[in-house]
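Some notes on the structure that comes next.
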Amino acid sequence: MKGVAILGSTGSVGASTLDVISRHREALKVVALTARSNDARLFEQCIAHRPEVVALEDRTAATRLAERLKAAGIATQVLRGAGALEEVARLPQADMVMAAIVGAAGLLPTLAAAQAGKRLLLANKEALVMSGSLLIEAVRASGAELIPIDSEHNAIFQCLPHTSVAGRKPAGLRRILLTASGGPFLGTPAEKLCSVTPAEACAHPNWDMGRKISVDSATLMNKGLELIEACWLFGVTPDDVQVVVHPQSVVHSMVEYVDGSVLAQLGNPDMRTPISHALSWPERWESGVESLDIVGLGRLTFQEPDLARFPCLRLAQQAARAGGTLPAILNAANEAAVESFLCGHLNFTSIPVVIEGVLNCVGAMPVRNLESVLAADHAARQAAAKLISRLEGATPDPVAGALA
Ligand code: NAD
Ligand code: MG
């Protein structure tokens, strides 16, 4: 019996993880769940899975949950505050930690799970983008197992030799073909992009995901973050990774070897496949995902990404090549801009303008320690707030940039 802690259990990946676990109660036990503030959802999850510990960042929500659990006669311990997430990530009863918090908020608990030598199921790509060298170092030092949950990286992991080591390029690997759906605006003309709404941006054609990653998919920043993620996970350079738009989201990514062999992992777009793979690895378990109807699909297509309409991918490629704290700066600027877009304060096409402005004005440094990453994140958020307040309501030219 293995114990599983889920950081971010009330989100999209968290819910899919609980779905897979509920199919394997003889082998897996939920020991801890966490959320930011959704105590109502967490209460339902406590009823269904009876974790030993839960943690909420929001203290008022934590108090409410503790009262409801007590009234229901459930003995789950309730922790509160941001530090509680790290405590959960280190729980001795947790053999595996699913890192499914969205954004930089997941960095410290994800690092804590790596330092504690857990099997780390990594969905929280932002943690790796911000602090890739530190996270990979922590995994190596503690002997943790790092299994990517992001569908593309899980696909790549599945196509690489079993003997691969986190952060080290496997022998014989020529390049990675990282597939992208293209998002909901794949065919939208450039002049229409400035007026798209948060609801349209969140209506992904193939995947049902949280709002932040849905917007990232619409801007193609998600693929940019995934490029940086791939470089850290598999020890490759940005030039070893080709982004390929594949609107059907059936080929989850490909790996090319020096002999010309290209291996791909295919499946329906359902996160329960990578989640189940990581929970059961190296075995294979039932995940609840339907068989792929390849004949029904008929055709799979591939094309180049359009960097002029989707400048976020170009900005991420630049940050990936520059390294140091620049990916952390890119990530923080993106989080701030996306939040502002989701609140209706910023246009869709202003997102890359904010990010480019922040990249140009916040100086990058080498990543020496966690403090340098957190300082870069803080400086980028301050710079982004200033740019956002200047841009609110404006309609910049997506290619030239309003601040040029
Ligand atoms: P989501 O918004 O649905 O859920 C986010 C979870 O994080 C929630 O449980 C929320 O309570 C928690 N959270 C948010 N802010 C927090 C904070 N400040 N402190 C503590 N907890 C906090 O997001 P999601 O779609 O499940 O994505 C989670 C992560 O997985 C992201 O990094 C995303 O990029 C990655 N990912 C998601 C998918 C997908 O299909 N949804 C696919 C690949 C990768
Ligand atoms: Mg992905």
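Quick look at the numbers
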read-out: Meets criteria (surrounded by 19 or more Cβ atoms within 10 Å (Cβ to Cβ) and in contact with an Asp or Glu (Cβ under 9 Å, 6 or more places away or on another chain)) for residue 172; value: no
read-out: Residue, farthest from residue 376 (Cα to Cα), within segment 287-321, restricted to residues that are assigned to a helix (DSSP H, G or I) and open to solvent by less than 30 Å² (accessible area, probe 1.4 Å); value: 311
read-out: Residue selected from segment 140-169 under the condition hydroxyl-bearing (Ser, Thr, Tyr) and either under 12 Å from residue 236 (Cα atoms) or surrounded by fewer than 20 Cβ atoms within 10 Å (Cβ to Cβ) (or both), by the criterion modelled with the highest pLDDT; value: 142
read-out: Pick from segment 1-51, criterion within 14 Å of ligand 1 (Cβ to nearest atom) and charged (D, E, K, R), ranking: most open to solvent (accessible area, probe 1.4 Å); value: 36
read-out: Yes/no for residue 79 being more than 23 Å from residue 222 (Cβ to Cβ) and surrounded by 22 or more Cβ atoms within 10 Å (Cβ to Cβ); value: no
read-out: Where a residue in segment 216-231 is more than 11 Å from ligand 2 (Cβ to nearest atom) and its partner, wherever it lies, is at pLDDT below 95 and part of a helix (DSSP H, G or I), with Cβ under 8 Å and at least six apart; value: none
read-out: Index of the failed condition, residue 356 passing every other in (1) outside any helix (DSSP H, G or I); (2) in contact with a helix residue (DSSP H, G or I) (Cβ under 7 Å, 6 or more places away or on another chain); (3) closer than 20 Å to residue 386 by Cβ; (4) open to solvent by 30 Å² or more (accessible area, probe 1.4 Å); value: (1)
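The values are calculated or read from the model by the stated rules, or taken from the named source; none is laboratory data. Just so it is clear, the model here is predicted, and its values are computed rather than measured. Reconstructed Cβ throughout: ideal geometry from the backbone, glycine too, with neighbour counts over all protein chains shown. For accessibility, only protein heavy atoms count, side chains too; no ligands or nucleic acids. Shrake-Rupley method; radii C 1.70, N 1.55, O 1.52, S 1.80 Å.
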